[in-house]
Structures are given as C-alpha cells and as structure tokens.
Amino acid sequence: MKINPESWHTLITWLIDNQYLSAAEALQVRAILQPDFPFASQLAVADTLHLHMHTTAVSQLPQQAFFTQGATVEYQTAGYIKYALPDGINLIFSEGTTAQDVAEGKAAQTYLDHIGIDIRIDTKEAYLVFQEIPLLAARQDFPFTRQGGSPEGVQCCYAQVKEKYWVYPDQSLNYEFAFGPLKKQGSFGVDVRPPNPYRIAAVEHSVECCPGAKPTAKIFLP
C-alpha cells in the first residue's frame, strides 16, 4: 500500500478535533485500513486516498490551519478547494450538493460526502484489480454503479479519469473508486456522484411498509 496509515489516522484525529468529521464518520474512514476491508486489494494498488467533504462556505475555511498539517492547495476555485497532504492523502471541500442531499435537507450541513480510493497507474494489472470491484461488492451485498468507459471518461470535480465505480455499503457511506490518470479541466463536470440507493429506498418505501428494507447487490443506475 502506498498510503501511510499513520498519516491517515493522524489526519482523521485532526478532522475530528476541528469538527470536520463526526465520530461516526471517523469510524467509517478508519475502517478502510482494517485487515477485513472488503476492497483491500484495490487499496493496495491505490496511489492516493481522498475525503470529499461538503461545507457551506469554502471561503471561510481556515487555510493556515490546513497548512500546519502539511497541506498544499492543489486546486481552488469558487466553492471548491482540494488540499494535497503528504503520504498520498487528499482532502476536498466543496459547496456542491447532489439533488438527493438537497431533498434530505443536508445542504446547510458539513458532512463527509464520500471516501475516494484512487488507482492512477494505467496498467493491465491495475485495471484487472479495479474490475474486481463489482464481484467484491456483490459478495458483500453492496449496491454499486459504474461511470465511464467512453472516450470522454468521467468528468467531475474539475478533473477527468477513465472510469469509476461507486459502492454503497449503507445509507450513510459512499465509496468512490477511480481508475486512470487524473487530468485537470476548467469546468466542474457533469458526472456527479450517483444517488445512494439505500436512501432512495428510504424515500420510496415507508418504514411501516417495508421495515429493514435493504437493496440487493446489483448494478444500480440512477
């Protein structure tokens, strides 16, 4: 693994102390470095990890505090900033929200949108590991969906990659697996995070109708 576990856990502690991560979110973030993480083989070939946070005001973030953690600004524009930290860790803050989050009243909150695992090396071996994700997700009964595969790739967050898989272990957690070199672009892009199907199920089925309803593992296309 190219990621430094000590640096990862240190960052999580700092984010908790500064109220950027809740205790529940921190448990989710720490869990990906545990030996029983279902996608450990993808993590092993990942070049970087990132946390994508939603915030209401990027301009009010205390940049100097991030600099004391060794961060540098990799990209910044109105409503968006990406910090690169040592040891293969990136931290993104964005004011953007999905329609799902707006409908659920989360737009005025600070929260973890997703955990990103970035496989940048464009080799056949790495791609085969990337393509194991659907099977691994199905074994865990996690819904998932795929983006990309066309010459345009996946365009989001002022960058382009070849392909992505999104995996949804539960209604509060979104994993983003990105494959291919990161190419910067001037616009935000159109390929935003697909809706979490657990949360769609919560809207479509009342608790009285279907208590404990759980989406089955499948390719979920919004």
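The values are calculated or read from the model by the stated rules, or taken from the named source; none is laboratory data. The structure displayed is predicted, hence computed values, not measured ones. In this analysis, Cβ positions are derived from the backbone assuming ideal geometry, glycine residues included, and neighbour counts consider all displayed protein chains.
State yes or no: is Arg120 surrounded by fewer than 13 Cβ atoms within 10 Å (Cβ to Cβ) and in contact (Cβ under 8 Å) with a residue 40 or more places away in the chain? Answer is no for this residue.
Residues in the range 1-34 that are among the aromatic types (Phe, Trp, Tyr) and within 17 Å of the chain's Cα centre (by Cα): Trp8, Tyr20. Here Thr216 clears all of (1) assigned to a loop (DSSP other than H, G, I, E, B); (2) modelled with pLDDT of 80 or more; (3) out of contact with any Ser or Thr (no Cβ under 8 Å at 6 or more places or on another chain) except the condition numbered (2). Do we have any residue at all in the range 143-156 that's modelled with pLDDT under 95, within 25 Å of Lys106 (Cβ to Cβ) and of a type in the set (A, V, I, L, M)? Within the range 143-156, one or more residues are modelled with pLDDT under 95, within 25 Å of Lys106 (Cβ to Cβ) and of a type in the set (A, V, I, L, M).
Could you tell me whether the range 152-171 includes any residue that is touching a Pro at 6+ places or on another chain (Cβ under 6 Å) and aromatic (Phe, Trp, Tyr)? Checking the range 152-171: at least one residue is touching a Pro at 6+ places or on another chain (Cβ under 6 Å) and aromatic (Phe, Trp, Tyr).
Screening Phe67, Phe93 for residues that are out of contact with any Ser or Thr (no Cβ under 7 Å at 6 or more places or on another chain) and hydrophobic (A, V, I, L, M, F, W, C) leaves exactly one candidate, Phe67. Scanning the range 96-136 for residues that are touching a Ser or Thr at 6+ places or on another chain (Cβ under 9 Å), assigned to a loop (DSSP other than H, G, I, E, B) and either within 22 Å of Lys183 (Cα to Cα) or of a type outside the set (Ser, Thr, Tyr) (or both) yields Lys106, Ala107, Ala108, Gln109, Arg120, Glu132.
Quick one: would you say Gln34 is touching a residue at least 12 places away in the same chain (Cβ under 8 Å) and not hydroxyl-bearing (Ser, Thr, Tyr)? Against the criterion (touching a residue at least 12 places away in the same chain (Cβ under 8 Å) and not hydroxyl-bearing (Ser, Thr, Tyr)), Gln34 does not qualify.
Residues in the range 29-46 that are surrounded by 20 or more Cβ atoms within 10 Å (Cβ to Cβ) and farther than 22 Å from Tyr127 by Cα: Val29 alone. Exactly one residue out of Ala84, Ala65 is among the small types (Gly, Ala, Ser), over 30 Å from Arg199 (Cβ atoms), in contact (Cβ under 8 Å) with a residue 24 or more places away in the chain and surrounded by fewer than 19 Cβ atoms within 10 Å (Cβ to Cβ): that is Ala65. Residues of the range 47-57 that are crowded, with 18+ Cβ neighbours inside 10 Å and either of a type in the set (A, V, I, L, M, F, W, C) or under 9 Å from the mean Cα position of the chain (by Cα) (or both): Leu49, His50, Leu51, His52, Met53. Summed over the range 87-120, the residues that are of a type in the set (A, V, I, L, M, F, W, C), touching a helix residue (DSSP H, G or I) at 6+ places or on another chain (Cβ under 7 Å) and more than 14 Å from Leu173 (Cβ to Cβ) give a count of 4.
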